[in-house]
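Q: One structure coming up, written as structure tokens, with questions to follow.
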Amino acid sequence: MRATWKGSVSFGLVSIPVKMYSATTTKELKFSFLHAKDGGKIRYRRVCEKCNAEVSKDEIVRGYEVSKNEYAVLTDEDFEKIPLKSVKSIEIKQFFDPSELNVIYYGSFYYLAPDKGGEKAYFLLKEAMKATQSMAIGKVGMRGREHLVALKAFDGGLLLAQLHYVDEVRNPAEVPGWGVSVDVSEEELELAKQLVLAMKKPLKLEEYRDEYKEALLKLIEAKLAGKEITIAEEVTAAKSLMDALKGSLEAVKQ
């Protein structure tokens with residue numbers, strides 16, 4: 001497994017050499033775009049709008065537009081020269097209670113593993129956070145920007161969560177229909193609560209799988225075999241909300 005980032009985690013005067021690895025992987029089916037007329041593959045090319053030449057990744061640099069058509073060009077070496085500790089080190093700013101971090105701020109997840117020589121300090125930090133039921137917050141410079149991150153003891157190691165800054169999270173009040181309040185009867189609310197409680201049980205994520213992907217694979221197999229494809233049945237809506245609640249509760253009980 002290839003490390004995404006290499007540096008250190010520091011808290012107080014303690015510095016721990018670590019390596020960062022992506023904690024998740026995408027297993028979705030990949031499709032190519034084809035020309036409907038002749039089946040030719042559609043390709044996306046990087047073309048310079050000045051000379052119309054196709055360019056490789058090695059020939060591309062990043063430019064910040066300072067005025068119309070005038071750019072400050074930055075290379076990978078320039079980014080490495082940024083005078084911030086976070087480029088090479090995750091400096092823990094504080095520890096806090098996990099309940100204080102709202103789920104809306106979580107982004108990507110990474111595993112932090114100790115690099116050579118950092119095993120003891122890594123283990124001490126993990127165990128101290130676990131014993132005090134604490135999380136840590138800090139910053140790391142990576143991929144052209146400084147990310148806000150949270151660390152947590154997780155399954156024998158340290159989990160790093162890339163966080164959104166406060167100003168990156170949209171105000172939900174801007175969403176049409178958000179915070180709507182309507183009148184419901186006591187009976188409707190009671191039935192809804194009974195249905196929730198009837199469906200409530202310990203969460204076991206391993207029981208859930210990507211059924212859409214499985215159905216998609218069957219669809220592809222059927223297409224290749226020239227078989228007839230069955231159309232999914234539409235869900236029949238109940239006549240009223242009360243009927244839907246009563247019917248759902250009865251089905252769960254059975």
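Q: Being out of contact with any helix residue (DSSP H, G or I) (no Cβ under 6 Å at 6 or more places or on another chain), of a type in the set (Gly, Ala, Ser) and assigned to a strand (DSSP E or B) is the filter here; which residues of region 133-152 pass it?
A: Passing the criteria: Ala136, Gly138, Ala150.
Q: When region 193-216 is examined, which residues are found to be at pLDDT below 85 and hydrophobic (A, V, I, L, M, F, W, C)?
A: Ala215, Leu216
Q: Which ranges mark the strands (runs of 3 or more DSSP E) fully within region 58-132 that have 1 or more residues being more than 21 Å from His164 (Cα to Cα) and within 27 Å of the chain's Cα centre (by Cα)?
A: Correct list: 62-67, 106-114.
Q: Follow-up question, since we're still on this one. Residue check, Glu187 against (1) in a helix (DSSP H, G or I); (2) without any contact (Cβ under 8 Å) to a residue 24 or more places away in the chain; (3) in contact with a helix residue (DSSP H, G or I) (Cβ under 8 Å, 6 or more places away or on another chain), all met but one. Which one?
A: (2)
Q: If I filter region 158-167 for residues that are part of a loop (DSSP other than H, G, I, E, B) and either modelled with pLDDT under 90 or surrounded by 11 or more Cβ atoms within 10 Å (Cβ to Cβ) (or both), do I get at least one hit?
A: Yes.
Q: Which residue out of Ala131, Ala222 is free of Cβ contacts under 8 Å to residues at least 12 places away in the same chain, closer than 30 Å to Val9 by Cα and among the hydrophobic types (A, V, I, L, M, F, W, C)?
A: Checking each option against the conditions leaves just Ala131.
Q: Another question, if that's okay. Can you name the number of the only condition in (1) under 30 Å from Phe96 (Cα atoms); (2) touching a Lys or Arg at 6+ places or on another chain (Cβ under 7 Å) that Leu191 fails?
A: (1)
Q: Also: Mind listing whichever residues of region 1-41 are among the hydrophobic types (A, V, I, L, M, F, W, C), within 20 Å of His147 (Cα to Cα) and exposed (fewer than 10 other Cβ atoms within 10 Å of the Cβ)?
A: Result: no residue meets the conditions.
Q: Mind telling me which of the residues Lys93, Lys120 ends up being of a type in the set (D, E, K, R), in the same structural domain as Leu13 (by TED's automatic domain parsing) and touching a residue at least 12 places away in the same chain (Cβ under 8 Å)?
A: Lys93
Q: Determine whether region 70-87 contains at least one residue that is modelled with pLDDT of 90 or more and in contact with a strand residue (DSSP E or B) (Cβ under 8 Å, 6 or more places away or on another chain).
A: Within region 70-87, none of the residues are modelled with pLDDT of 90 or more and in contact with a strand residue (DSSP E or B) (Cβ under 8 Å, 6 or more places away or on another chain).
Q: Of all residues in region 201-216, count the ones that are assigned to a loop (DSSP other than H, G, I, E, B) and either β-branched (Val, Ile, Thr) or in contact (Cβ under 8 Å) with a residue 12 or more places away in the chain (or both).
A: Within region 201-216, residues that are assigned to a loop (DSSP other than H, G, I, E, B) and either β-branched (Val, Ile, Thr) or in contact (Cβ under 8 Å) with a residue 12 or more places away in the chain (or both) number 1.
Q: What do you reckon, is Gly138 closer than 30 Å to Tyr44 by Cβ and in the same structural domain as Val9 (by TED's automatic domain parsing)?
A: Considered against the rule, which asks whether it is closer than 30 Å to Tyr44 by Cβ and in the same structural domain as Val9 (by TED's automatic domain parsing), Gly138 comes out as no.
Q: Which condition does Val175 not pass, out of (1) at pLDDT 90 or above; (2) in the same structural domain as Ser99 (by TED's automatic domain parsing); (3) exposed (fewer than 11 other Cβ atoms within 10 Å of the Cβ); (4) not polar (S, T, N, Q), if it passes all the others?
A: (2)
Q: Only one of Ile42, Ile16 is in contact with a helix residue (DSSP H, G or I) (Cβ under 7 Å, 6 or more places away or on another chain) and modelled with pLDDT of 90 or more; which?
A: Ile16
Q: When you look at Val18, is it β-branched (Val, Ile, Thr) and either touching a residue at least 12 places away in the same chain (Cβ under 8 Å) or under 22 Å from Val140 (Cα atoms) (or both), yes or no?
A: Considered against the rule, which asks whether it is β-branched (Val, Ile, Thr) and either touching a residue at least 12 places away in the same chain (Cβ under 8 Å) or under 22 Å from Val140 (Cα atoms) (or both), Val18 comes out as yes.
Q: Please work out which residue is nearest to Leu159 (Cα to Cα), limiting yourself to region 1-40 and to residues that are part of a strand (DSSP E or B) and of a type in the set (Lys, Arg).
A: Once the filter is applied, the top-ranked residue is Lys19.
The values are calculated or read from the model by the stated rules, or taken from the named source; none is laboratory data. Note that the structure is predicted; figures quoted are calculated from it, not measured. Cβ atoms come from the backbone with ideal geometry, glycine included; neighbour counts cover every protein chain shown.
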